[in-house]
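Visitor: Dropping a structure here in structure tokens format, bear with me for questions.
The values are calculated or read from the model by the stated rules, or taken from the named source; none is laboratory data. Just so it is clear, the model here is predicted, and its values are computed rather than measured. We place every Cβ from the backbone using ideal geometry, glycine too, and count neighbours over all the protein chains shown. Surface areas here come from the heavy atoms of the whole protein model, side chains and all, with no ligands, DNA or RNA. Shrake-Rupley method; radii C 1.70, N 1.55, O 1.52, S 1.80 Å.
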Amino acid sequence: MDVRDRFLMAGVMGWPVMHSRSPALHNYWFAKYGLKGVYVPLAIEPGRAGAALRALHPLGYAGANLTIPHKLEAMAAVDTLDPAGKAIGAISCVSVSPDGELHGSNNDWYGFTENVLEAFPDWRADAGPAAVIGAGGGARAVVYALAQRGAKEIRLINRTQERARKLAQDIPGPITLVDWQDRHDALEDCAMAVNATSQGMQGMPPLDISLERLPRHALVTDIIYIPLETPFIAAARARGNPTLNGLGMLLHQGRPAWKGWFGLDVEVTPELRALIEATI
Ligand code: NAP
């Protein structure tokens, strides 16, 4: 049946979930493309993601996004998994096939890449060493993205070395582990530096790193988007580096979700960006 002849449904499963910008993002696309449908916040308690995912098909949902704390539990509940989800070790999206099979994917890495390419179309991951600070779920998506784009050297800096070592074991790529105390010097010669820690997020202290050694032409990005300008981004901008916040990563990861759920290609427009920025 054509998508125009159906009421389309999807949602985001999280706990808590009411802070999520995903409903505003996806409901914009229903309105923009003149489709009947809805994207809802689904407050699913920890430990119940599997049961909730299995209910999607009988309820007529095309799929769902997953946010904290479900990205790992959901992986065990799906029937098939995309290569990114397998490597990253977490999924951000589930699509339901017509026969009820659940397909899990991680679209965060795609969102990261598309965000950078939208702002810097000539960006190349192999332009020079890339420093990634962090080794959590977000950092895993960033490292996977950089490796996919042909990065030649990824300097992985994390406070807890063991977590960084595990990331390097799981995700194939040219990863060099950097001790936390060497983080400032590790930015020397880098073409890119990415904050993928939670430091700098609203309510958290700034990331403790000096940009002194970082070349001024290096692209500085943060995957955080609340606030839109973290202290890390502000410091980089003040010294003349090109910078980019994490909002586009959130917006662009929605595109492959729509392809999987409804078979449609959707666009990240300036209007959409402004709509979500206004909620931050
Ligand atoms: P996570 O899995 O909890 O990882 C947190 C990371 O921050 C770890 O590397 C942790 O290091 C580090 N960290 C925490 N406190 C620190 C401190 N005091 N000093 C140094 N490092 C510290 O979190 P996540 O899911 O990766 O999310 C990280 C951020 O990215 C969040 O703000 C999230 O909202 C954002 N994010 C954005 C998008 C997007 O679409 N834009 C997607 C995913 C995530 P240890 O290993 O040492 O604890």
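Visitor: Determine, for each peptide in 184-190, 106-112, 54-60, 132-138, the mean count of other beta carbons within 10 angstrom over its residues, then list the peptides with the highest first. Intermediate results must be reported in sequence, preceding the final value.
Guide: Values: 184-190: 17.1, 106-112: 26.3, 54-60: 13.6, 132-138: 23.4.
The packing order, highest mean first, is 106-112, 132-138, 184-190, 54-60.
Visitor: Set the bar at 27 Å for Cα to Cα. Now go through LYS71/LYS259; LYS86/LYS152; LYS71/LYS152; LYS166/LYS259; LYS152/LYS259 and name every pair that lies beyond it. Write down the numbers at each step before the final one.
Guide: Details: LYS71/LYS259 20 Å; LYS86/LYS152 22 Å; LYS71/LYS152 29 Å; LYS166/LYS259 32 Å; LYS152/LYS259 31 Å.
Flagged as over cut-off: LYS71/LYS152; LYS166/LYS259; LYS152/LYS259.
Visitor: Per residue of the chain, what 222 nm ellipticity follows from adding -39500 (n - 2.57) for every DSSP H run with n ≥ 4, rounded to the nearest 500? Show your work: numbers first, answer last.
Guide: Details: 10 runs with 99 residues, N = 280.
Estimated from H runs of four or more residues: -10500 deg cm²/dmol.
Visitor: Could you provide, to the nearest whole Å², the per residue accessible area of the chain with probe 1.4 Å? All intermediate terms of the calculation are to be shown ahead of the outcome.
Guide: On the way: 12620 Å² over 280 residues.
Heavy-atom accessible area per residue stands at 45 Å².
Visitor: What percentage of the solvent-accessible surface of the chain, computed with a 1.4 Å probe over protein heavy atoms, is contributed by carbon and sulfur atoms? Each step should come with its number before you reach the end.
Guide: On the way: 6750 of 12620 Å².
After summing per-atom areas, the C and S share lands at 53 percent.
Visitor: Using the basic label-point model (7 angstrom from Cα toward the beta carbon), what is the LYS32 to HIS19 distance in nanometres?
Guide: The two pseudo-label positions are separated by 2.6 nm.
Visitor: FRET efficiency for ASP2 and GLU277, Cβ-Cβ distance as r, R0 = 35 Å, nearest 0.05? Working shown, then result.
Guide: Values: r = 33 Å, r/R0 = 0.95.
Between ASP2 and GLU277 the formula returns 0.55.
Visitor: Still on this model: Taking the Cβ of VAL178 as the center, what net charge do the other residues with Cβ under 10 Å away carry, scoring Lys and Arg +1 and Asp and Glu -1?
Guide: Numbers: positive: ARG155, ARG183; negative: ASP179, ASP182, ASP185.
Summing Lys/Arg as +1 and Asp/Glu as -1 gives -1.
Visitor: Let me ask something additional. Over 36 Å, how big is the tail of the calculated P(r) for the chain, in percent of all Cα pairs? Working shown, then result.
Guide: Details: 5738 of 39060 pairs.
For the chain, the share of Cα pairs beyond 36 Å comes to 15 percent.
Visitor: Now a separate question. Compute from the Cα atoms of the range 121-241 the Rg and the Dmax, the latter being the longest Cα-Cα distance, and quote both in angstrom.
Guide: 13.1, 36
Visitor: Another question, then. Largest first, how would TYR39, TYR28 line up by accessible area (1.4 Å probe)?
Guide: On the way: TYR39 5, TYR28 25 Å².
Ranked from most to least accessible, the order is TYR28, TYR39.
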